[in-house]
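The structure appears below as structure tokens.
The values are calculated or read from the model by the stated rules, or taken from the named source; none is laboratory data. Because the structure is predicted, anything quoted here is derived from the model rather than measured. Quick reminder, even Gly has a Cβ in these numbers, built from the backbone with ideal geometry, and neighbours come from all protein chains shown.
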Amino acid sequence: MEDIYFDHAATTPMLEEVIKAMKPFYNQVFANPASSHLQGQKAASALEDARESVAEFIGAKNAEEVVFTSGGTEADNLALKGAAMAFSKKGKHIITSQIEHHAVLKSCEYLKKHLGFEITYLGVDQNGFVDPAELKEAVREDTVLISIMLANNEIGTIQPIKELASVARENNILFHTDAVQAAGQLKIDVNDLGVDLLSVSAHKFNGPKGIGALFVRKGVELIPQLSGGSQERKRRAGTANPAAAVGMARAAEIALKNLKKKSSKLNKLRGYFISQLFSTFDNIKLNGPDSEKRLPANINIAFKDLDAESILFNLTLNDIAAATGSACASGSLSVSHVLKAINLEKEYLKGAIRFSLGRGNTKEEIDYVMEKLKEIIDRLNSLK
């Protein structure tokens, strides 16, 4: 069987329709959207049309609330640092969770180290859920921002964002959610969720890399993190990238149109994969919730007393792509901060593998992976 890709949480392949939509903006409509001439106006028009599509994708009523960024990491940085700096006179306390993406955690570390902010890191239960009651208890008079991700990139937990955001709203506190992993798998509506800031990244839903967006609710002040021109309504300096924005918009349109069908397919494949894993192996654990509150594409399985890197290496030898956790932390020998936070037993901590499914995956591929995985696990167990 040809290469099998089960690492869609890290990135997804661009769709042909997306590539086709982007192509004219490299050598035909290539002018700078900030230029006043006709060619520049054409590029600017395409950029604003793309903004409209992305706004619809996340349920924003006003396209001006969408700020294009270079990806999810920049969107998270702009949200955290930009909002914290803008409201620092009100207070210097931020609340987040222990299982956030490093783009959020590192931004919090920066604000603490360089600007004197205090950070409260909420714990999670064994399935990765943040308790709204604990959030309410953590709120202080000087709390200016709360950031809790919509869905976890490692174990797939879908947080009760509406409840968490309502705590923030009741206390007049800004609420940000990192929706990078959720976009393209879950329907996103910023108004239904009640969030003030929301991050997405195109390459997670079959769009191009190097482009993302931050929803900034009208009236929310941000301190720009890039100095330069007045692009993106003075919120993000730098020459705009119409080609990438158009690609993101096309990917968003396709994802929104096919969301129910895709989610249904992924849920069935995920259920089949998990059932095969538990009928084949003893001494394994599913990390994250075993319910509808888990991302459709996510399977995070831990093998007792085995090393995930060894499993992953052997999968790679069989042309199977999977992961040990977040691709952004690859190369690190430390145990996943997410698995530590859910208090995964020590004997399972180093044996966790994440399989993340995509629109092109099939039941036949899962059967092949199971065949090879059984050979690998049996061999590794025999060497203990």
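Find the helices (runs of 4 or more DSSP H) located wholly in segment 226-330 whose residues include 1 or more that are within 27 Å of Ala179 (Cα to Cα) and free of Cβ contacts under 8 Å to residues at least 24 places away in the same chain, and list them.
Ranges flagged: 231-234, 242-257, 259-280.
Name the one entry in Ile353, Ile366 that is in the same structural domain as Phe281 (by TED's automatic domain parsing) and closer than 15 Å to Asp305 by Cβ.
Ile353
Of all residues in segment 131-153, count the ones that are of a type in the set (S, T, N, Q) and farther than 19 Å from Lys92 by Cα.
Of the residues in segment 131-153, 2 are of a type in the set (S, T, N, Q) and farther than 19 Å from Lys92 by Cα.
Results for (1) under 30 Å from Leu315 (Cβ atoms); (2) assigned to a helix (DSSP H, G or I); (3) in contact with a Pro (Cβ under 8 Å, 6 or more places away or on another chain), shown as yes or no for each residue.
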residue	(1), (2), (3)
Pro13	yes, no, no
Val18	yes, yes, yes
Ala46	no, yes, yes
Arg51	no, yes, no
Glu56	no, yes, no
Lys61	no, no, no
Asn77	no, yes, no
Lys81	no, yes, no
Met85	no, yes, no
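Here are some residues: Arg235, Arg169. Which one is in the same structural domain as Arg140 (by TED's automatic domain parsing), more than 20 Å from the chain's Cα centre (by Cα) and within 30 Å of Asn32 (Cβ to Cβ)? Let's see the steps before the verdict.
On the way: Arg169 fails: within 30 Å of Asn32 (Cβ to Cβ).
Sole residue among the options that is in the same structural domain as Arg140 (by TED's automatic domain parsing), more than 20 Å from the chain's Cα centre (by Cα) and within 30 Å of Asn32 (Cβ to Cβ): Arg235.
Give the residue that is nearest to Val124 (Cα to Cα), with candidates limited to residues of segment 287-308 that are of a type in the set (D, E, K, R) and at pLDDT below 95.
Out of the qualifying residues, it is Asp290.
Go through segment 111-180 and tell me which strands (runs of 3 or more DSSP E), entirely inside it, have 1 or more residues that are under 19 Å from Lys340 (Cβ atoms) and of a type in the set (A, V, I, L, M, F, W, C).
118-122
Can you tell which of Val29, Val66 is in the same structural domain as Phe205 (by TED's automatic domain parsing) and within 17 Å of Lys204 (Cβ to Cβ)?
Selected residue: Val66, the only one of Val29, Val66 that is in the same structural domain as Phe205 (by TED's automatic domain parsing) and within 17 Å of Lys204 (Cβ to Cβ).
Cβ-Cβ distance below 9 Å, separation of 6 or more or different chains: which pairs start in segment 22-49 with a residue that is within 14 Å of Thr239 (Cβ to Cβ) and free of Cβ contacts under 8 Å to residues at least 60 places away in the same chain and end on one that is of a type in the set (D, E, K, R) and assigned to a helix (DSSP H, G or I)?
Short answer, once both residue conditions are applied: Ala31/Lys42.
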